[in-house]
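Have a look at the structure below, then the notes.
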Amino acid sequence: MKTRPASRPPALRDLAETLVAYARRCGADEAEVSVIDGYEFNVDVRKGRIETLIEAGSRSAGVRVIKDKKTAYASSSDLDMATLRRLVRNAVRRAELGNPDEFAGLAPLATERVDAAALDLYDPAIPRLDSRTKIALARETERIALRDRRITNSYGATFASNEIRSVLAMTNGFVGEYEQTYCGLGVGLQAGDTDNRVEDSWSSSKRHFKDLETPEAIARKAVERTVRQLKPRKIPTQNVPVIFEPTQTSWLLGFLFGCITGTAVYQKATFLEGKLGQRIGNERVTVVDDALMPGALGSHPFDSDGLPCRRTVVVNKGELRSYLCNYYAARKLGLQSTGSADGGGVGPANFYLEPGPAALAPRDIIAGTKKGLLLIRTLGHGLNSVTGDISRGAFGLWIEDGAIAYPVSEVTISGNLGRILEEIEAVGTDLDFHGPISGPTVKVAEMTVAGS
Amino acid sequence: MRKPVKSTLQAPLPYVDHFGLSPADLRAVLGLALSSGGEFAEIFMEHRTYDFINMEEDIIKETAEAVSLGLGIRVIRGDRTGFGYTNDLSLDKVRKTALTAAAIARGTAPQAPPPPLRDRTRAASRYLVRRPVHAAPLREKIKLVREAYDAAKAHDPRIVKVKAHHSDSLLHICIANSEGLLVRDTRPMVKLVCVAISEKDGKRESGYWGGGGRVGMEYFRDVLTPRAIGEEAAREALLLLEAADAPAGEMPIVLAPGHSGVLIHEAVGHLLEADFTRKKTSIFWNKMGKRVGSELVTIYDDPTLPSFRGSYNVDDEGTPPRRTLLIEKGVVRGLLQDKLSSRLMGNAPLTGHGRRQDYSHWPVPRMANTYIGPGSDAPEDILRSVDRGFYVASLSGGQVEDSGKFTFSVSLGYLIEGGRLTAPVKQATLIGTNIDILKRIDRVGGDLAFGLQTGTCSKEGQDVPVTDGCPTLRIAKMTVGGRS
């Protein structure tokens, strides 16, 4: 297997601009075309052998047209010009069947632009990586993990990388283009005998190859996370403090994200509707969405409305300062876009909870807990943005007198996001931007843990 | 179940029309895919068209049309799979994709050329469609969306927001493999759903309902009307306004028929997918022929149910599916197989459960329509047998891990007090371990029903449409994740 040449098919930009012009000729008042060209590599290694190897490139196009304040979309993975022209024509025709929406329309051309190069989204080392190197990394990660005698089975290790070029062209004159890369390495493990298995995994995902955690570090974390769950107990139902590990804070913040999008607000699909400018949490809660962090996984120069991305303080010391909006939701709510358009909806950039000046080391948070649950994994969905209610299956470590006593499984945790934000007792120092949504360890004063 | 009638869907167009590749081209590409010593090669071609309508804020806000075209090529040697895909179907690009997939074999032995392809497309279809939705005028589909929307909105002044979505697609697939198989399928899919949000004294709740399947326009007249979809969503949203927090702790559970099939999907179905047994990660891997549940528990997966969302004429590897017995009277009897697991498990019988999300994914064993067979108890007797417990009326989903720990999320439940349903209760997750819970199923009703035809199952990043079913069931004891 040899190295892939780093050459790219040209003309993505031409294709986008041609289709925008064509949409206009078909009678669209406004049009926007996005084209994506992606290359994917993925190898799964299990028990030392390659299980699957994928290499593929693909392109797709998306179109939005607006005519008489009516919107229609189209998309295709068939980039044949005849197909694309037909889809554009159909979209213009189909728009007529919709209803006029006074808020429909493309965003005006922004006067400022973010320099994509300064965001450091593309690592030229990734297209140059040899397949053998990538396979060897996966193999090495699993090999180190399986050296631990307590590990009884493997889900395998994976190395994946992506190279994506995105182009957006609009009738308002906006044309933007950028390239980005991702790579990831991870392993999943089981410990225990057949009827008493526990499982967990660890992975590292970065834009730059040099930033990936080493196979040793990934294997060590995956092993540690798995074996610490061995011989769990079920505990009686009770209300106790719950400490969220960073992996768990991530989903809690993901849920918060879903509750502060402008789309959810105008649809009244969130309990945080009507709370702008109000306190929604205590002073420990500061949440930021920042698209401009160089090299970070969620950074990008412009959103799918063609607006420049930026840093937005969403919650400042407990006060809800901003909803995250695309241009449409912002217009509906009488607000400004936060450059958060993602397809037809709203997406996060780097959405995180700040540790803040009073942050504590995670071990001190545990040491300061007389009795409680350290939440390490959850199972199931159980999140309702309309009410803020949470109820999920949980795995954790029981804390007694400031120390970890034993693992707990087959319990559920339940609570309400609104109350959790008010009852955050401590925030950890351990914020690590391992994904577009991330947070440090967080201690919540009380949740119901249901068991026996 | 309705009697099968001959489908009025148009016969699949010749593959050349969609994919521009003749059987001779396909055979040559398969030969190339085997050129590095692969033992099995397969080409999966897909052409999908998709329509979407969204209504919210009292207007038809947007419509969308999508086209998906591409092919995936897989090469197997032993336990190794090489896979490549492309949406550029020029012969040159397809040949390159074959060579990428072929590289996995890394052998030198040239194989004999693959046999000529023989078309084994079934004449009869399981998709009972009188008026194909994909061919219906958009205006008619918009009318369905409006009816659902208006019914929800008009149901009660406490309904403050409504969303209704329609989607339909028509998928043409063509599969060719190095065993000489050539098979095509044309699969329709429709889904109409409604979400209603209710509000009272500053408190809000949401309700959801929907339907569809591999059906025609007539479904929305004969089986489930858009009006019923809107009203049910509104009704659930209103009921939840009056609902209390769910209780917390272990208690007897009664599951309503239909929806509650999610329990079987999570607790049993996933862990009898053959890949998890082959890799010995599933708690069930060494349980074949062994008792894992009560005598009352018999479970099937049946991809052949006419027009169900999870049904198909052939699976995504070209295997005709069959109803598969998974658990018989509490004893493990079968697995859901795909070709790779079957090969690696000593050519275990294929069941037709190799499925994939689309051409850019390779097939893995998946469920289709999973259900627990009916028992003999009267549903009202089951309810009467519980003094204090929790009744699961509707479910929003679930999850399982290989250890057998599983959850399912209840969107609406009731307390059972003195053998009767009393107060409605809201959202709660239930958790258990499958080998404990299956043994605790101690009453099974005769009222087998299937859940909403809107379900999607995710596994390893691939989504496929599924349906679940079950009769009224009692579980002696299970943990309910409410609040105390």
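Evaluated at q = 0.11, 0.15, 0.24 Å⁻¹, a Debye calculation over the C-alpha positions of segment B:352-421 (equal weights, vacuum) places log10 I(q)/I(0) at -0.49, -0.78, -1.16. Fully extending the segment from A:M81 to A:K371 would add 97.9 nm, taking 0.36 nm per residue of separation and subtracting the current Cα-Cα distance.
Among B:411-421, A:387-397, A:293-303, sorting by the average number of other beta carbon atoms lying within 10 angstrom of each residue, highest first, gives A:387-397, A:293-303, B:411-421. Once all protein chains are placed together, A:W202 keeps about 40 Å² accessible to a 1.4 angstrom probe. The Rg/Rh ratio for chain A, using Cα coordinates for both the radius of gyration and the Kirkwood hydrodynamic radius, is 1.00. Hydrodynamic estimate: the Kirkwood radius of segment B:50-200 over Cα pairs, inserted into Stokes-Einstein at 25 °C and 0.890 mPa s, corresponds to D of 126 µm²/s. Solvent exposure of segment B:77-179, expressed per residue, is 46 Å² of accessible area, with all protein chains present and a 1.4 angstrom probe. Among the residues of A:405-415, the average count of other protein chain beta-carbon atoms within 10 Å of the residue beta-carbon is 4. Projection of the Cα convex hull of the protein assembly as shown, averaged over all directions and equal to a quarter of that hull's surface, yields 34.5 nm².
So how tilted is helix A:131-146 from the main axis of chain A? Cα-based, degrees 0 to 90, rounded to 10. The helix A:131-146 is inclined about 20 degrees to chain A.
If R0 is 22 Å, the Cβ-Cβ spacing of B:T456 and B:T49 corresponds to a FRET efficiency of close to 0.70. Cα-based values for segment A:365-452, radius of gyration first and Dmax second, are 13.3, 37 Å. Relative to its Kirkwood radius, the Cα radius of gyration of segment B:356-484 gives an Rg/Rh of 1.00. For the pair A:T214 and B:D463, a Förster radius of 35 Å applied to the C-beta separation gives a FRET efficiency near 0.60, rounded to the nearest 0.05. On a per residue basis, segment A:315-383 carries 40 Å² of accessible surface, using protein heavy atoms and a 1.4 Å probe. Distance between the 7 Å Cα→Cβ label points at A:E177 and B:L344: 4.3 nm. In this label model, B:L325 and A:A403 are separated by 5.5 nm, measuring between points 7 Å along each Cα→Cβ vector. The 3J(HN,Hα) values that the Karplus relation (6.51, -1.76, 1.60; θ = phi - 60°) gives for segment A:77-85 are, in residue order, 9, 9, 9, 4, 4, 5, 5, 5, 4 Hz. Gly and Pro appear as x.
Were the residues from A:R93 through A:D115 laid out at 0.36 nm apart, the gain over their Cα-Cα distance would be 4.2 nm.
Pairing chains A and B buries close to 6400 square angstrom of accessible surface in total, based on protein heavy atoms and a 1.4 angstrom probe. Note that segment A:23-157 presents 44 Å² accessible area per residue, ligands and nucleic acids not counted, probe 1.4 Å.
Scanning chain B for DSSP H helices at least 24 Å long along the axis (C-alpha atoms) with a Kyte-Doolittle mean no lower than -1.0 picks out B:138-155.
Each distinct pair of alpha carbons in segment B:126-168 adds a 1/r term; the inverse of their mean, the Kirkwood radius, is 12.1 Å. Here the gap between B:R122 and B:A378, fully extended at 0.36 nm per residue and compared with their Cα-Cα distance, gives a gain of 88.1 nm. Given labels modelled 7 Å from the Cα in the Cβ direction, how far is it in nm from A:I164 to B:D79? With each label point 7 Å from Cα toward Cβ, the separation is 3.3 nm.
Here the scattering of segment B:388-453 is modelled by Debye summation over its C-alpha atoms, one equal scatterer each and no solvent; at q = 0.13, 0.20, 0.28, 0.29 Å⁻¹ the log10 of I(q)/I(0) is -0.44, -1.04, -1.25, -1.23. The calculated 222 nm mean residue ellipticity attributable to helices in the protein assembly as shown amounts to -6000 deg cm²/dmol, summing -39500 (n - 2.57) over DSSP H runs of n ≥ 4 and dividing by all residues.
Hey, if you put +1 on the Cβ of every Lys and Arg and -1 on every Asp and Glu Cβ in the protein assembly as shown, which of A:L106, B:A378, A:G347 ends up farthest toward the positive end of that dipole? So the residue we want is B:A378.
Our note on the geometry: Cα centres of segment A:54-93 and segment A:243-265, 32 Å apart.
Where a Cα-Cα gap under 22 Å defines reach, which lysines qualify for B:K290, not counting those fewer than 8 residues away within the same chain? Leaving aside lysines fewer than 8 places away in the same chain, those within reach of B:K290 are B:K279, B:K280, B:K329, B:K405, B:K439. Over the C-alpha trace of segment B:217-299, radius of gyration and Dmax come out as 19.2, 49 angstrom.
Averaged over peptide A:391-397, the number of partner chain Cβ atoms lying within 10 Å of each residue's Cβ comes to 6. Accessible surface of the protein assembly as shown, 1.4 Å probe: 50 percent of it comes from carbon and sulfur atoms. Shielding value for A:373-383 is 5, the average number of Cβ atoms from other chains within 10 Å of each residue's Cβ.
For segment A:255-299, dividing the convex hull volume of the Cα atoms by the residue count gives 107 Å³ per residue. The HN-Hα couplings worked out from phi for segment B:174-190 by the Karplus form 6.51 cos²θ - 1.76 cosθ + 1.60 (θ = phi - 60°) are 9, 10, 10, 9, 6, 8, x, 7, 9, 8, 10, 8, 10, 10, x, 8, 9 Hz, whole numbers, x standing for Gly and Pro. For chain A, take the longest principal axis of its alpha carbons; what is the angle in degrees between that and the long axis of helix A:246-259, to the nearest 10 within 0 to 90? The angle comes out at about 40 degrees. Computed over segment B:303-418, the quotient of the alpha carbon radius of gyration and 2.2 N^0.38 Å is 1.36.
Starting from the coordinates of the alpha-carbon atoms of chain B, obtain the Kirkwood hydrodynamic radius over all distinct pairs and give the value in Å to one decimal. Radius from the Kirkwood sum: 23.8 Å.
For the peptides B:72-80, A:25-33, A:93-101, residues were scored by their other Cβ atoms within 10 Å and the scores averaged per peptide; the highest-first order is B:72-80, A:25-33, A:93-101. The shape of segment B:247-343 can be summarised by an equivalent ellipsoid whose semi-axes, obtained from the alpha carbon gyration tensor, come to 25, 19, 12 Å from longest to shortest.
The values are calculated or read from the model by the stated rules, or taken from the named source; none is laboratory data. Since the structure is predicted, the reported quantities are computational estimates derived from the model, not experimental observations. A quick note on method: Cβ atoms are made from the backbone with ideal geometry, for glycine too, and the neighbour counts reach across all protein chains shown. Note: areas computed on protein heavy atoms with side chains; ligands, DNA, RNA excluded. Shrake-Rupley method; radii C 1.70, N 1.55, O 1.52, S 1.80 Å.
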